[in-house]
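Derivation of every value follows stated rules applied to the coordinates shown; laboratory data play no part. Bear in mind the structure is a predicted one, so any value in this text is a computation, not a measurement. With ideal geometry, Cβ positions are generated from the backbone for all residues, glycine too; neighbour counts draw on all protein chains shown.
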Amino acid sequence: MPACHGGVPKALGPTEGVIALAGNPNVGKSSLFNALTGSAAEVANYPGKTVELQWGLAVSEGRRFALVDLPGCYSLEGGTEDQRLASEVLRTGEVSGVILVVDANNLARNLFLTLQVAALGIPAVVALNLVDEAESAGTIVDAEGLARELALPVVRTVAPRGEGAPEVLRAAIAATELVRPPAVLPAEVEETHRRARAIAQSVTRRTKAPAESRLWRWTTTPATGIPILTAVLLGIFGFVYYAGSFLSAAFSGAWTAFVSPPLRAGTFAVLGNTVAGRTALWGIDSGINATLAVGIPYVLTFYAILAVLEDSGYLNAAAVLTHRSLSKLGLHGRAVIPLVSGAGCNVPAIIGTRILASRRERFIACTLISLVPCSARTAVVFGAVGLYLGPLPALALFGVALLVILVTGIALNRLLPGKPPAFLLELFPFRMPTARSVAFKTWHRFKHFTIAAVPLVILGSFLLGGLYETGAIWGLAGPLEPVVGGLLGLPAVAGLALIFAFLRKELALQLLLTLAMVQYGAGATSLTAFLTPTQLVTYALVTMIYVPCLASVTALGRELGWRQAVLISATTIVLALVLGALAARLPVWV
């Protein structure tokens, strides 16, 4: 059947209908989705929206239903694109049934959305999830009593282990065959909140006195939380950099040793050692090699760490800890997630700003993410400054980047109309991440990053190769001289490398050395052969600040529109030139 304006992926094949998976963020929806679909997921954009819906095929006793995982939200009346999309999908009348996932640890908070969905009259079943955690903490929920209060079937589940998944699917399919009249909600939102709390209290009992987790106190109290957050971020940085560097060398070495030689031979056999042949190799050899050297080692590694932090509950604690500080930048505490994600790759981090409530927040967050040094820019800083001048100057550059991010955020918060968002976030218990959930999240994110970024990287490599092999790249040296030489005090080859590193930031060093060898001869095998320490710092600083890369700008255009994407890009270029000019004239780097 057609559903959600044709949004069901064709790969799922024929189905009897669509069952939606709805619930608050962090209630284990993803784990239940995986258990119901076997992780065989498809992703499709909802028509007219940038938010993607995750689809899967759920089969029970020979009956096939499309399962759609709606964005996590606390209400159907909120202002975020995620909330609007969840509401729109549920109100189309094309959803056959809904599985409402609620967390037994936070029942009152979860039931507000449940009551709203019940008022739509859609056949529904409640998945009372994470009952094992609740019971271990001394919270017992009467599932039968909850079913009576809601007039909905209630099934106990432990989604990370798949417990209760078959039962909840059978109940949802059975519910689709029933005609359910819409429930009556109070006119006032506050009254609905009070009703949710009253139901939760009536079906919940405690076997031991509730006590605040020591981990929550340690991670959300500034005196201990800030050192813990600092240690976590340094750990992320160290692991991604060192593990990524090791994997990068391994993948790149394997490609160079086993794939590149026959690929080059085959290309030259077809096109010859001509401009066309050499240009083709920039794309199909160097382009894919660059993807392997950056995408898998750095981005995939970071996504794995991010999934662990999410599933453990620590990112929620970090949001609570950082909200007061981030509110000075015009952001909600949950913005810490995409901001930290930007250290791996700006592209998925920009896409991740969809969790923020307003366009104002998303614009501020996207601007700041564009200034966050991604793994490719981090590699440039360490390769240009850390390798030749030592770790302290390299870390100092990251300090400069942090200062720029803070000042820019404060300025945008003051200049843009509107107010910082109010804080509303649940406190979830820490839990041990499961390998299955971490692997699924990591692969799902990495797959979509690859689909979005790799074609642009390869296309950019072809373009760059054509300019280089035809010699057209040198024609840009003259027009760039007033800025590159006069303002930044850099040689012409550095300016050319900066221009074309926009296509692929990880090429900022490789291309610089290649161009230098063409201009200065074979002796220019080291950056220090033609750059002074001050020039090294200036080059790395400008690379770190100015517009991230083509893939990131594409993501900005997709999320905010091209006018704001160009505005953000221009802002980063101006900041990079100002800071580069200052660095070129300060003697502290010498």
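Structure summary
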{"quantity": "Packing-based order for 491-502, 554-565, using average beta carbon neighbours within 10 Å, highest first", "calculated": "491-502, 554-565"}
{"quantity": "With Cα atoms, 0 to 90° folded angle of helix 260-271 axis to the chain main axis", "calculated": "70 degrees"}
{"quantity": "On Cα atoms only, tilt of 301-312 relative to the major axis of the chain in degrees", "calculated": "30 degrees"}
{"quantity": "Average projection area in nm² (convex hull over Cα atoms of the stretch 496-573, one quarter of hull surface)", "calculated": "5.1 nm²"}
{"quantity": "Under 24 Å, Cα to Cα: Lys pairs in the chain, sequence gap 8 or more or different chains", "calculated": "11"}
{"quantity": "Formal net charge of residues neighbouring Leu281 (Cβ-Cβ distance under 11 Å; K, R +1; D, E -1)", "calculated": "0"}
{"quantity": "Distance between modelled label sites at Val483 and Met432, nm, 7 Å Cα→Cβ extension", "calculated": "5.5 nm"}
{"quantity": "The chain: angle of helix 435-470 to the longest principal axis, Cα-based, in degrees nearest 10", "calculated": "30 degrees"}
{"quantity": "Total formal charge among the other residues, if their Cβ is under 13 angstrom from that of Ala576, Lys/Arg +1 and Asp/Glu -1", "calculated": "+2"}
{"quantity": "For the chain: relative contact order, % (alpha-carbon pairs under 8 angstrom, 6 or more apart)", "calculated": "11 percent"}
{"quantity": "Protection proxy ranking, peptides 513-520, 329-336, average beta carbon neighbours within 10 Å, highest first", "calculated": "329-336, 513-520"}
{"quantity": "Packing-based exposure ordering (other Cβ within 10 Å, fewest first) of Arg362, Arg170", "calculated": "Arg170, Arg362"}
{"quantity": "Least to most buried among Val101, Val407 (fewest other Cβ within 10 Å first)", "calculated": "Val407, Val101"}
{"quantity": "Packing-based order for 436-447, 123-134, using average beta carbon neighbours within 10 Å, highest first", "calculated": "123-134, 436-447"}
{"quantity": "Surface/4 of the Cα convex hull for the chain, nm²", "calculated": "29.1 nm²"}
